[in-house]
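First up is the structure itself, then whatever we jot down about it.
The values are calculated or read from the model by the stated rules, or taken from the named source; none is laboratory data. Quantities reported herein were computed from a predicted structural model and do not represent experimental measurements. Heads up, the Cβs are rebuilt from the backbone with ideal geometry, glycines too, and the neighbour counts pull from every protein chain shown.
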Amino acid sequence: MDLVNGSQEAPQESLDTDMESFFETAPPLRDGLDISRKLGEFIELNSPPTGERIVCVTSGGTTVPLEQRCVRYIDNFSSGHRGAASTEYFLKAGYAVIFLHRRGTCQPYCRSLPEDSLLECFELTEESSVQGVFNVKCDIEKHLNSHLSQAVEQGLLLKLPFTTIFEYLQILRMVATSMKSLGSRGMFYLAAAVSDFYVPWESMVEHKIQSASGPLDMRLAQVPKMLSMLRKEWAPMAFCISFKLETDSNILLKKADMALRKYKMHMVVANELLSRKEEVTVVTSSGRITVRRDKNEADADVENPLIKLLEERHSTYIQESNTTN
Ligand code: PMT
């Protein structure tokens with residue numbers, strides 16, 4: 001595969017043009033009107049006097065289809081655990097959450113469900129009946145899902161699924177422009193693993209690529225970074241946190257520092273693939289803060305102290321924005 005390497009810095013005008021052409025050529029969302037209606041209702045419900053703060057949590061990886069009638073695609077790694085756990089802690093902290101997630105990835109309040117069928121967790125003895133085991137299974141699922149359905153029913157959680165990079169960026173733009181009216185009360189927590197390269201829709205083959213034609217030679221274009229657009233145009237007053245994932249710890253913090261400055265993020269959460277569930281480093285303009293999970297508690301998550309820190313910083317940001325405006 002021939003990657004059109006995007007390591008050089010692109011000037012701002014060319015980024016804007018790339019962004020425009022990305023949206024103009026992307027296949028339109030099938031349920032765009034429905035998403036727009038849901039977003040409008042959710043934001044109205046969670047705006048003063050009934051609601052206060054809204055966070056958009058992005059979670060899971062985007063795919064890049066290689067064929068229009070997609071059989072093959074390139075995927076970005078993310079189990080969705082970070083996004084799902086963070087959503088739970090944001091809800092606990094009093095936020096309303098727009099959970100923009102990859103279909104089929106980890107969901108809030110369902111993280112502890114085993115991957116295998118729950119039925120396999122129960123040993124059948126001569127006394128236990130299959131019906132009895134099934135009832136226990138239903139009770140457990142009901143218990144775990146009750147938090148989830150409560151949050152959805154109370155209008156505090158809006159779940160929007162995506163699969164491809166085309167869907168993700170179009171929905172993110174809709175969410176961001178709808179949240180613009182919230183000003184500093186809005187937050188973006190961009191934990192999704194977003195594709196850096198893609199095949200533009202108009203240059204994508206329609207049918208399944210044939211292996212009989214020999215080795216695959218394909219040119220991938222660079223996905224425009226939407227972080228600058230988010231800060232400059234879509235929701236300029238929102239509190240923005242992006243993530244930086246690396247597998248090489250020697251370059252992680254340098255790259256997170258760069259992202260903070262280049263995209264004018266309020267915070268960048270730097271994490272290394274292998275230790276991401278143990279600790280993260282939050283990079284801010286005033287320094288770096290290491291956040292670790294509490295090792296004394298077996299089920300403790302790193303997202304618990306992380307979201308506490310972000311909530312505090314967001315409060316300060318709202319106060320400062322109110323006094324300067
Ligand atoms: O889901 P888990 O298994 O729990 O793992 C969590 C995680 C490791 C995926 C998560 O913590 C994380 O680090 N997510 C970001 C991973 C990533 O894609 O990093 P990146 O260096 O490619 O992108 C950095 C930032 O730029 C991201 O906030 C992304 O939203 C943004 N981006 C990326 C590509 C692009 N074209 N435009 C963007 O704006």
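Which one of the conditions (1) buried (at least 16 other Cβ atoms within 10 Å of the Cβ); (2) under 22 Å from Leu169 (Cβ atoms); (3) of a type outside the set (Phe, Trp, Tyr) does Lys264 fail to meet, given that it meets all the rest?
Among (1) buried (at least 16 other Cβ atoms within 10 Å of the Cβ); (2) under 22 Å from Leu169 (Cβ atoms); (3) of a type outside the set (Phe, Trp, Tyr), the lone unmet condition for Lys264 is (1).
Return the pairs, sorted by first residue and then second, in which the second residue is of a type in the set (Lys, Arg), the first residue lies in the range 186-209 and is within 14 Å of the ligand (Cβ to nearest atom), the beta carbons are less than 7 Å apart, and the residues are 6+ apart or on different chains.
Pairs found: Met187/Arg53; Ala191/Arg82.
Pairs needed: first member in the range 24-38, closer than 10 Å to Ile171 by Cα; second member anywhere, hydrophobic (A, V, I, L, M, F, W, C) and part of a loop (DSSP other than H, G, I, E, B); C-beta distance under 8 Å; at least 6 residues apart or different chains.
Ile35/Leu29
Is it the case that the range 148-165 has a residue that's among the charged types (D, E, K, R), part of a helix (DSSP H, G or I) and within 30 Å of Thr50 (Cβ to Cβ)?
Looking for residues that are among the charged types (D, E, K, R), part of a helix (DSSP H, G or I) and within 30 Å of Thr50 (Cβ to Cβ), one finds at least one in the range 148-165, hence yes.
Give the residues of the range 223-246 that are among the polar types (S, T, N, Q) and modelled with pLDDT of 95 or more, sorted by residue number.
The first filter runs over the range 223-246 and keeps only residues among the polar types (S, T, N, Q), leaving 228, 242.
The answer is Ser242, and nothing else.
I'm trying to understand the selection: among the residues of the range 242-261, which are more than 8 Å from the ligand (Cβ to nearest atom) and either buried (at least 16 other Cβ atoms within 10 Å of the Cβ) or under 16 Å from the mean Cα position of the chain (by Cα) (or both)? Steps first, answer last, please.
Step one: list which residues in the range 242-261 are more than 8 Å from the ligand (Cβ to nearest atom), which gives 247-254, 256-258, 260-261.
Result: Leu252, Leu253, Ala256, Asp257, Leu260.
Only one of these is touching a Lys or Arg at 6+ places or on another chain (Cβ under 7 Å) and within 12 Å of the ligand (Cβ to nearest atom): Ala270, Ala235. Name it.
Ala270
I'd like the full set of residues that are among the small types (Gly, Ala, Ser) and within 11 Å of the ligand (Cβ to nearest atom), limited to the range 273-305. Show your work before the answer.
Residues of the range 273-305 among the small types (Gly, Ala, Ser): 275, 285-287, 298, 300.
The answer is Ser275, and nothing else.
Which condition from (1) touching a residue at least 24 places away in the same chain (Cβ under 8 Å); (2) farther than 16 Å from His314 by Cα; (3) not in a strand (DSSP E or B) is the one that Ala212 breaks?
Condition (1) is where Ala212 drops out.
Of all residues in the range 144-168, which are touching a helix residue (DSSP H, G or I) at 6+ places or on another chain (Cβ under 8 Å), aliphatic (A, V, I, L, M) and surrounded by fewer than 23 Cβ atoms within 10 Å (Cβ to Cβ)?
Hits for the range 144-168 are Ala151, Leu156, Leu160.
Residue by residue, here is whether (1) among the charged types (D, E, K, R); (2) surrounded by 15 or more Cβ atoms within 10 Å (Cβ to Cβ); (3) within 16 Å of the ligand (Cβ to nearest atom) holds:
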position	(1), (2), (3)
Asp34	yes, no, no
Thr50	no, no, no
Val55	no, yes, yes
Pro65	no, yes, yes
Arg72	yes, no, no
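Can you pull out every residue in the range 267-312 that is surrounded by 13 or more Cβ atoms within 10 Å (Cβ to Cβ), of a type outside the set (A, V, I, L, M) and part of a strand (DSSP E or B)?
Hits for the range 267-312 are Asn271, Glu272, Glu279, Thr281, Thr284, Arg288, Arg292.
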